[in-house]
Structure formats: C-alpha cells, structure tokens
1. Once R0 is set to 35 Å, what does the formula 1/(1 + (r/R0)^6) return for the Cβ-Cβ distance between LYS57 and LYS195, expressed as a FRET efficiency to the nearest 0.05?
2. Find out how many positive minus negative residues lie around LEU193, taking Lys and Arg as positive, Asp and Glu as negative, among other residues whose Cβ is under 14 Å from that of LEU193.
3. Can you tell me the dipole magnitude for segment 124-173 around its Cα centre, using point charges on the Cβ only (Lys, Arg +1; Asp, Glu -1), in Debye to the nearest 20?
4. Taking the Cβ-Cβ separation of GLU33 and ARG126 as r and a Förster radius of 41 Å, what is the calculated FRET efficiency to the nearest 0.05?
5. Keeping all protein chains in position, work out how much accessible area GLU79 exposes to a 1.4 Å probe, and write it in Å² to the nearest 10.
6. Identify the trypsin sites (Lys or Arg not before Pro) of segment 47-147 meeting these criteria: DSSP loop state and at most 12 other C-beta atoms within 10 Å of the C-beta.
7. Determine which lysines satisfy two conditions relative to LYS195: a Cα distance under 28 Å, and not lying fewer than 8 residues away in the same chain.
8. For THR53, what is the net charge nearby, where nearby means another residue's Cβ is under 12 Å from its Cβ and Lys, Arg count +1, Asp, Glu -1?
Amino acid sequence: KYAFINAKLRARISKILPEEFSRQMARAASLAEAAQMLAGTPFAAAEAAYTRTGDIKMAELELLRAEVELYREIEGRVEGQVRELVYALATRFEVEELKGALRLWFDARVRGRRIEGSQGYLLRERIHHALDLDRIVGASSLLEAAAALDGTPYAAIVTAQAARVMEMQTLFPVEIALDHHFYRQLIAAVSELSKTDRAVAQRLVGVQIDMENISWLIRFKSFYHMSLQEVLEYSIPAGVNLNRELIASAYEAEHSS
C-alpha cells in the first residue's frame, strides 16, 4: 500500500543537502554566489530561476512548484484512503495560495498599497480547484472575491468572514477560518485510515495543530488583544498536548505578565 510513497521518501532523503553545504552557502559573499552553489544539486531549478530573474522570490516559487508536483504525483499513484489523505495534505498548498491572493487584494483595496508585480509570485498550477487568483486580487470587494470562488469550498468561508474582515480591518478572521477548514478535512481523512495507521497519523497531525495553536496564541495576545473566550473560539481543535485547558492557562499567564 505504501510502496510508492516509501520509494519517494527514500529519494527525497537522498536529496537532503549535507549540513556543511548549508554552512558554505551561509558563508557565501553574496546571495547570487549562494544561489549558484545550488547548480548541479536537486535544487538546480531554484538556482536557474534566480540566475534568470535575479529575484529570490522566483527561486522560492520554483521550490514550491516542485513540492506541489510531488504531492500531485503521489496522489495519482495511490488509492483509496491513502489517496484521500494525500489529497487532504495537498489542500494546504491551495489554502496558502488563496491566502496569498487575498493578502494582495487586502493590500490594494484596504491598505491602498501598490501591488504591481506581486501577482507574479502566486502559484498558477491547479491543485484541486480552479482558483481564479487574478480575479480575486482584482475584486472590488471581499464578497466579489468570494463570488470568484464559486464552486469551491472556499466561497462560503470567505463570504461568512467578509463583514468581520472589514470591521476588524484585518484578514485574520478569514485566514484562521481557512486554517480550520484545512485541518477539518485533514482530520476527516485521517479518521478513515486503518486503526494502526490512524493512531500514528492522528498524533502527527495533532502535533502540527499544537504548533499552529502556539503560533496563533502569540499573535492573539501580541497583535489582536483578544479575550480568552475569543482565543478558545479560534484555536484549532484536536491537538495532542495543547488542549483547551492548557491554552487557557498559557493565555492567562501571558496576559497577567
């Protein structure tokens, strides 16, 4: 059942650059010199993109494109519950690209910033749903952006959070709602695995949720000054070690300090 994934994992491990190589890159005299060191490695596409454009973000986009292609390849080579799990994991890329488009929309329409050229950093490949990122970025309102998502699970999420985004003048409500959607569908996919696989996957996903909640907890306190009730409402459920009681305790300890 996992033969293809195991083969891919071994190939991926073989591509890990030695620690000394990373130290040499860090000691390079310039970013261009550091990037050139990637020529002839499994990350040569990133070096080629940087050499061609002089833009490190284009190199990062190439790395992202390769990562997405890996998931899409695996998704096409496995079946049943395993395929559903890979599908759920790959949804993260789709959610992040949607967030990126919404941030550009917010910068242009709400903050009044210039975004010329920034759209070129969005990933254009279809992952699961056909997202019209340019239409989202160019929308006159968040509800119009939601309309561009018609036929996807994201339309209802953006619509439901549109008023709150404008009221709070931050994309936080819609971003965390998208995170919740990602983890809900991931947990649902994990729950369909066999008993042994499910136990392992639930722990791995739960640890990731703990990390997400810690990251959000810092932002809740530092940037959004939320009440404990709001913090608990926005926290992602199904963590392994960080339950609601611990989140409340950590928040109150930070708040009192």
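The values are calculated or read from the model by the stated rules, or taken from the named source; none is laboratory data. This is a predicted model, so every value here is computed, not measured. No Cβ is skipped: glycine too gets one built from the backbone with ideal geometry, and neighbour counts run over all protein chains shown. These accessible areas exclude ligands, DNA and RNA; they are computed on the full protein's heavy atoms, side chains included. Shrake-Rupley method; radii C 1.70, N 1.55, O 1.52, S 1.80 Å.
1. 0.20
2. Local net charge: +1.
3. In debye, rounded to 20, segment 124-173 gives about 80.
4. In this case the efficiency is close to 0.70.
5. Answer for GLU79: close to 150 Å² accessible.
6. ARG111, ARG113, ARG114, ARG124, ARG126
7. Straight-line reach from LYS195, under 28 Å: LYS1, LYS8.
8. Net local charge, THR53 excluded: -2.
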